[in-house]
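**Student:** This is the structure, below, for whatever I ask next.
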Amino acid sequence: MVKKRLLAELDPALILGEGDPDFGDAEGGLHTRLRLTRSKREFNPHILRGEVLTLLKVNSESLLSNGCAVSEAAWKGGVVEDFEQLETDGLMQSFSAPVSVVLQPLEDLLKPVDLRPPCKRARYTVEPVLSAAERKKLKDRHRARDKRAKARAEVQKSLQTNLKSVALRKAAETKAAAVECSFAGPDATAWTGSRAAVPYPKVYSVQDVLALSGLKYIEWDGSLSRVYRSEDGLHWAALLGYVGERSEWLANMQVVDQLLLKAQQELHFPKLDHPPRRGVYDSLSIGCSHGQGQLHPMNFAASKRNAPILQALMDAPEVNRIARFIDHGVEVYFPKIHRLLTNLMEILLGMGGLHLKRPFKRCCYAASQLNFSRASTDPHLDFMNAFFLCCGIWNGGRFNYKAGGQLIMWNLGIVVEFPPGAGILVPSASVTHANIPIGPEERRHSITFFTAAGILRWYFNGFMNDNEFLTRASGLQKKNWAQYRTDLWKFGLDMLRSDEL
């Protein structure tokens, strides 16, 4: 049984995710020492190691086919969403829709992603203070480093991937362990996106979760990554462990914590005219989206006061490291989704007249949401996202992850501990999720990464919205358009299935 304790009684190391002797392993420590690399740094735990692939009993076909149909009904029925304003100044006139009407299947976006150029290495320079033997040793070390980098680039080029060979090898060595799950997929009402329609209760403590039948509580300290997949081979969730040396990664997270705190104090948050369905906390979106009747994708609007503050956050190296961390996780565990989103963003950013801004350069998602200090969500579905795309979630701050902040994934029947600095990938439009609230004196930030379904629809329609396409399309094009959307759940099944793992 987990004891409730006030923040004042907690050890600072626990709040920052360093561990607690009350929650240790058989040897008295919470974290396992990781293998060291040649440079004496801990091996990147973000890569799969050991028995980290878990099977869940989920009716994937029912989950996605129902989800596709009900998501369509949600769009037509006008389900209330917490919309944020999109930029409109001059953009409606600067972009012109294509003259011809051509459907663009999403399969066209699954081509291999262009390889990133190798990182530029600093050239070897002779230091006069070194002896001849030391200079030779340093020169040999640089030559060996360059040789390894060249060999790695050749392997990546032959495999058409930006992942290092060690990541691919560790992924291939993954073992599976079966876990019972009583959920076989939700009924149709769980997909409407309406807060009232979500058939799951709000929980207020770990004890509430343990009292619910059918939910499995999973302890996770963020040291190693895990993947949860169904028996039919679909990945439904990935837990992204800390990157690099643990102490260095957590130090980076403390910097992000302070950056978000400072930004929250300076930002202005608009007031909604209805209760937010995800929970009551300060949040703002950055990047681009499509919806609300717009003719094409647009950037999220930012006031003159907020714009420089948000830009400073997006430019911060520590925050960009989180974006790359999430992007890397998608590339490892959801490679097809990563290819689709990366190629889609390259097309959109290259189109004249749109002037779209991606929140982070080396991240495949079109948008991010910054959630400040009291980020704890009620049971909900992010139905505005494409139902088969995984959403990236990072959380940080100062809270006891054993007592609050855990992520509940109702359709998968699991409750996962979510320590500060870790990340989780989950199809947030098809899996109802929520957090256990944190203590009154604690704080929890989160950054979510997503791509709106409207952008994919706009691309599929040949760079126009549904109304314009249906007005201009021929009878045959309308028939093909309707059939493709009807079978879209099959495409979604394939997107969640990883052939690489």
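**Student:** Which one of these is at pLDDT below 80 and either of a type in the set (S, T, N, Q) or surrounded by 11 or more Cβ atoms within 10 Å (Cβ to Cβ) (or both): Ala196, Ala178, Ala149, Ala144?
**Tutor:** Exactly one of Ala196, Ala178, Ala149, Ala144 is at pLDDT below 80 and either of a type in the set (S, T, N, Q) or surrounded by 11 or more Cβ atoms within 10 Å (Cβ to Cβ) (or both), namely Ala149.
**Student:** Further question on the same structure: Report the residue count in the range 282-317 for those that are touching a residue at least 12 places away in the same chain (Cβ under 8 Å), assigned to a loop (DSSP other than H, G, I, E, B) and more than 17 Å from Met384 (Cα to Cα).
**Tutor:** Selection size over the range 282-317: 5.
**Student:** Looking at Lys478, Lys402, which one is over 28 Å from Ser225 (Cα atoms) and at pLDDT 85 or above? Show your work before the answer.
**Tutor:** Details: Lys402 fails: over 28 Å from Ser225 (Cα atoms).
Among Lys478, Lys402, only Lys478 is over 28 Å from Ser225 (Cα atoms) and at pLDDT 85 or above.
**Student:** Next question. Which of (1) surrounded by fewer than 18 Cβ atoms within 10 Å (Cβ to Cβ); (2) small (Gly, Ala, Ser); (3) assigned to a loop (DSSP other than H, G, I, E, B) does Gly279 not meet, given it meets every other one?
**Tutor:** Of (1) surrounded by fewer than 18 Cβ atoms within 10 Å (Cβ to Cβ); (2) small (Gly, Ala, Ser); (3) assigned to a loop (DSSP other than H, G, I, E, B), only one is false for Gly279: (1).
**Student:** Select the strands (runs of 3 or more DSSP E) contained entirely in the range 384-501, then report the ones holding at least 1 residues which are among the basic types (Lys, Arg).
**Tutor:** Qualifying strands (runs of 3 or more DSSP E): 391-398, 443-450.
Residue by residue, here is whether (1) surrounded by fewer than 21 Cβ atoms within 10 Å (Cβ to Cβ); (2) part of a helix (DSSP H, G or I); (3) assigned by TED's automatic domain parsing to the domain that holds Leu106; (4) at pLDDT 95 or above holds:
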site	(1), (2), (3), (4)
Leu340	no, yes, yes, no
Gly353	yes, no, yes, no
Arg358	no, no, yes, no
Cys363	no, no, yes, no
Gln369	no, no, yes, no
Thr377	no, no, yes, no
Asp382	no, no, yes, no
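**Student:** Tell me, yes or no, whether the range 285-299 has at least one residue that is under 23 Å from Trp249 (Cα atoms) and in the same structural domain as Asp382 (by TED's automatic domain parsing).
**Tutor:** No: zero hits.
**Student:** (1) surrounded by 14 or more Cβ atoms within 10 Å (Cβ to Cβ); (2) among the aliphatic types (A, V, I, L, M); (3) at pLDDT below 85; (4) over 25 Å from Phe334 (Cα atoms): which one isn't true of Val243, the others all being true?
**Tutor:** Of (1) surrounded by 14 or more Cβ atoms within 10 Å (Cβ to Cβ); (2) among the aliphatic types (A, V, I, L, M); (3) at pLDDT below 85; (4) over 25 Å from Phe334 (Cα atoms), only one is false for Val243: (4).
**Student:** Separate question: How many residues are more than 29 Å from the chain's Cα centre (by Cα) and surrounded by 18 or more Cβ atoms within 10 Å (Cβ to Cβ) if we restrict to the range 469-501?
**Tutor:** 3
**Student:** Now for a different question. I'd like to know if the range 431-438 contains one or more residues that are at pLDDT 90 or above, of a type in the set (Gly, Ala, Ser) and assigned by TED's automatic domain parsing to the domain that holds Arg246.
**Tutor:** Yes: one or more hits.
**Student:** For Asp466, which of the numbered conditions (1) in contact (Cβ under 8 Å) with a residue 12 or more places away in the chain; (2) surrounded by fewer than 17 Cβ atoms within 10 Å (Cβ to Cβ) fails to hold?
**Tutor:** (1)
**Student:** Mind checking whether some residue in the range 279-287 is out of contact with any Cys (no Cβ under 6 Å at 6 or more places or on another chain), at pLDDT 90 or above and of a type in the set (Asp, Glu)?
**Tutor:** The answer is no, given that none of the residues of the range 279-287 is out of contact with any Cys (no Cβ under 6 Å at 6 or more places or on another chain), at pLDDT 90 or above and of a type in the set (Asp, Glu).
**Student:** Does Arg321 meet the test of being in a loop (DSSP other than H, G, I, E, B), touching a residue at least 60 places away in the same chain (Cβ under 8 Å), touching a helix residue (DSSP H, G or I) at 6+ places or on another chain (Cβ under 8 Å) and closer than 24 Å to Ala238 by Cβ?
**Tutor:** Answer is no for this residue.
**Student:** Right, something else. Just the residues that are modelled with pLDDT of 90 or more and in contact with a strand residue (DSSP E or B) (Cβ under 8 Å, 6 or more places away or on another chain), please, taken from the range 439-454.
**Tutor:** Answer for the range 439-454, where residues must be modelled with pLDDT of 90 or more and in contact with a strand residue (DSSP E or B) (Cβ under 8 Å, 6 or more places away or on another chain): Glu442, Arg443, Arg444, His445, Ser446, Ile447, Thr448, Phe449, Phe450, Thr451.
**Student:** Taking Leu344, is it farther than 19 Å from Val243 by Cα, surrounded by 22 or more Cβ atoms within 10 Å (Cβ to Cβ) and over 13 Å from the mean Cα position of the chain (by Cα)?
**Tutor:** No: the conditions fail for Leu344.
**Student:** For residues that are modelled with pLDDT under 85 and hydroxyl-bearing (Ser, Thr, Tyr), tally how many sit in the range 205-236.
**Tutor:** Here the count works out to 3.
**Student:** Restricting the search to the range 209-222, which residues are in contact (Cβ under 8 Å) with a residue 12 or more places away in the chain and in a helix (DSSP H, G or I)?
**Tutor:** Val209
The values are calculated or read from the model by the stated rules, or taken from the named source; none is laboratory data. Model, not experiment: these values are computed from the prediction. Because the Cβ atoms are built from the backbone with ideal geometry, glycine has one as well, and the counts that use them run over all protein chains shown.
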